[in-house]
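The values are calculated or read from the model by the stated rules, or taken from the named source; none is laboratory data. Every value quoted in this text rests on a predicted model; they were computed, and no experiment measured them. Here Cβ is always computed from backbone atoms with ideal geometry, including for glycine, and neighbour counts include all displayed protein chains. Side chains are part of the model used for accessible areas, which takes the heavy atoms of the whole protein and leaves out ligands, DNA and RNA. Shrake-Rupley method; radii C 1.70, N 1.55, O 1.52, S 1.80 Å.
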Amino acid sequence: MNKTIRILLVEDQKLMRVGLKSLFEGQNELEVFSEAETGKEAVEKFRLVHPDIVLMDIGLPDISGIEATKRILEIDRNAKVIILTSHLSEQEVLDSLHAGACAYVMKDINTDILKMVIKTVKEGAMWLDPQVVPILREKNCGVVPPRQMSRAMFKEQHANLTQREYEVLKLVVDGKSNCEIAQELTISEHTAKAHVCNIIQKLVVDDRTQAAVKALKEGLV
């Protein structure tokens with residue numbers, strides 16, 4: 001039987017807290033184990049209960065969720081913090097990732113995807129909302145290395161990826177679905193899916209999201 005993932009929910013708006021708690025009620029896999037309304041309270045609650053996941057809002061009454069994330073990571077460098085916010089500020093995205101957040105998620109996310117994000121982050125993955133990817137690619141402020149790798153260098157260092165897989169990888173980073181990739185490259189959806197599976201295997205990651213994150217971090221696209 002799988003162990004329940006214990007969540008520390010950090011959110012100053014009561015209605016939002018109630019809504020998120022109800023999302024996980026009656027489930028064996030996910031549980032809101034503790035709650036906090038402020039950043040400082042979140043740090044203290046983390047110190048006391050050591051949750052598996054911290055679901056962290058940015059806009060809090062005292063210190064920001066970003067500062068709270070920094071302090072939590074000072075307590076435990078392996079802490080897993082998911083930023084869940086309605087903000088898509090360039091600076092907040094970059095500051096959150098530099099602070100050590102494992103994921104940056106917009107509050108309009110599909111509930112099933114949010115549950116998936118929590119589970120994959122618990123297993124050690126990173127996850128970025130598709131809306132965030134263009135910001136990282138554009139800014140390259142230390143979170144993503146500069147795009148200085150030439151096509152020749154890419155082939156030399158990642159010779160096991162074909163040219164077509166490289167093209168597919170760029171579309172995966174752009175958040176395209178298999179259907180959209182197929183349309184973009186004028187191939188069948190089945191072929192697009194096969195290329196994505198090959199990329200995941202060759203980059204030694206678990207899913208397409210991790211492939212996109214690795215591609216961005218290593219400056220592959």
>> Filter Lys107/Lys217; Lys122/Lys202; Lys14/Lys40; Lys170/Lys214; Lys107/Lys214; Lys40/Lys122 down to the pairs with a C-alpha to C-alpha distance above 20 Å, please.
In response: Lys107/Lys217; Lys122/Lys202; Lys107/Lys214; Lys40/Lys122
> Whole-Hz Karplus ³J(HN,Hα) for the range 118-125, in order, using 6.51 cos²θ - 1.76 cosθ + 1.60 and θ = phi - 60°, x for Gly and Pro?
Replying inline: 4, 5, 6, 5, 4, 7, x, 7
>> Tell me the per residue accessible area of the chain using a 1.4 Å probe; a whole number in Å² is fine.
In response: 51
>> Heavy atoms only, 1.4 Å probe, whole protein assembly: order Leu15, Leu8 by accessible area, highest first.
In response: Leu15, Leu8
> Where does helix 14-24 land angle-wise versus the long Cα axis of the chain, in degrees 0 to 90, nearest 10?
Replying inline: 60
> In debye to the nearest 20, how big a dipole does the chain give about its Cα centre with +1 on each Lys and Arg Cβ and -1 on each Asp and Glu Cβ?
Replying inline: 620
> Percent of accessible area on the chain owned by carbon and sulfur, 1.4 Å probe?
Replying inline: 47
> Between Gln163, Met116, Asn78, whose Cα lies farthest towards the positive end of the dipole of the chain when Lys and Arg beta carbons carry +1 and Asp and Glu beta carbons carry -1, centred on the Cα centre?
Replying inline: Gln163
>> If you count only protein heavy atoms and use a 1.4 Å probe, how large is the accessible surface of Val204, to the nearest 10 Å²?
In response: 120
> Any idea of His50's accessible area? Nearest 10 Å², probe 1.4 Å.
Replying inline: 90
> For the chain, modelled as a GNM with alpha-carbon contacts under 10 angstrom, which of Asp174, Asp52, Asp112 fluctuates the most?
Replying inline: Asp112
> Taking H as built 1.01 Å from N, whose amide H comes closer than 5 Å to the amide H of Lys80, not counting residues under 5 places away?
Replying inline: Val54
> What order do Arg164, Arg77 take when sorted by accessible area (1.4 Å probe), most exposed first?
Replying inline: Arg77, Arg164
